[in-house]
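Read the structure below first, then the notes.
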Amino acid sequence: MKVLVLGATGGSGRAAVEALLAQGHEVSALVRRADADLPQGARIIQGDALRAEDVGAAVAGQDAVIVTLGIRENTLRVRLLGPAHTPLDVRSRGTRHVIAAMRAHGVKRLVVQTSYGVGATRDRLSVLDKLFFALLIAPQIADTEQQERAVRESGLDWLLIQPVHLTDGPEADLPLASATGEVGALKVSRKSVGRFLASAATDGRYVHQSLALSSAATHSAVVPA
C-alpha cells in the first residue's frame, strides 16, 4: 500500500514509518524540513500540514493516511508562554486539511492518533490526570477534542487511536487495544503505538472506532470484537 504519515518526525510517527517500511509498504512523510531524519526508504515530501495545498499534493495517490500531529515542546513553557514553533491548533487544523484532501482525491482510510482522556475516554481519567489536563495542557486537549470531532464527522473510513502515557521504552508486542476505554498499565511505548498505527492503516480491520491503547505485563494483544 501507499501510506502517507503526518507527524513522522515524532516518536509514534517515526515508529509507524519504520513498521510500514518493514512490512513492504510505500511510505511518504509530509515534513517541514527536507533534511528531516527519517528511516531510509521513506519518501520525504517537504510541506506544512497547516497549508491545505501542501496536504492536498501529499495525499494525492495514497491508499491511507496516518496522522500523529502534536506539539513536541516543553509542556510548562507552552502553557506559560505559548508554543514557539507549532500553533496550538495544529491537530485540528492539520487534520481538517487531511480530511478535505482525502475527500477530494478519493482516499478513504484515515488513522489518527489522539490521546487517552478525550472524547470517548474523557470520564475515565484519574484525578491526577484530570488536574494535569486542566492545569498544563488544557489548550492542547481542547484542540484534540475538535480534532476527534472532525474525524468522526468526516465520512471516511476512520479510526481514532488513544494511547495512554507514552514512553520511549523498548517495543513490545502489539499493545492492548480496547474499544470500551479499559486499559492495562498506564504507560505504552511509542514504538508499540507506531507498530499498531501501521497495522491499523493497512489491514482495515477497524472502522469507525475509538481504541484505547495501553500495555500489560504479559504484552499480549487484546482485539476488540
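Side notes on the structure shown:
- Looking only at region 150-198, and only at residues there that are surrounded by fewer than 23 Cβ atoms within 10 Å (Cβ to Cβ) and of a type in the set (Ser, Thr, Tyr), the one that is modelled with the highest pLDDT: SER154
- Here ASP35 fulfils each of the conditions (1) of a type in the set (Asp, Glu); (2) more than 25 Å from VAL188 (Cβ to Cβ); (3) within 19 Å of the chain's Cα centre (by Cα) apart from (3).
- Selection within region 61-84 - surrounded by 14 or more Cβ atoms within 10 Å (Cβ to Cβ) and either modelled with pLDDT of 95 or more or in a loop (DSSP other than H, G, I, E, B) (or both): GLN62, ASP63, ALA64, VAL65, ILE66, VAL67, THR68, LEU69, GLY70, ILE71, GLU73, PRO83
- Pairing residues of region 43-59 that are closer than 14 Å to GLY94 by Cα with residues that are among the basic types (Lys, Arg), at Cβ distances under 7 Å and at least 6 apart in sequence or on separate chains, gives ASP48/ARG32; LEU50/ARG93.
- Check on ALA212, at pLDDT 95 or above, touching a strand residue (DSSP E or B) at 6+ places or on another chain (Cβ under 7 Å) and within 30 Å of ALA100 (Cα to Cα): yes
- Counted residues, region 85-102 - those being modelled with pLDDT under 95 and over 11 Å from ASP143 (Cα atoms): 2
- Qualifying residue in region 7-20 (condition: touching a helix residue (DSSP H, G or I) at 6+ places or on another chain (Cβ under 9 Å), more than 20 Å from THR167 (Cβ to Cβ) and either acidic (Asp, Glu) or surrounded by fewer than 18 Cβ atoms within 10 Å (Cβ to Cβ) (or both)): no
- Of all the residues in region 60-81, those that are of a type in the set (A, V, I, L, M) and either farther than 26 Å from ALA142 by Cβ or without any contact (Cβ under 8 Å) to a residue 12 or more places away in the chain (or both) number 4.
- Candidate set from region 90-144 (those that are in a helix (DSSP H, G or I) and aromatic (Phe, Trp, Tyr)); member that is farthest from LEU30 (Cα to Cα): PHE132
The values are calculated or read from the model by the stated rules, or taken from the named source; none is laboratory data. Model, not experiment: these values are computed from the prediction. Neighbour counts are summed over all protein chains in view; Cβ atoms, including those assigned to glycine, are modelled from backbone coordinates with ideal geometry.
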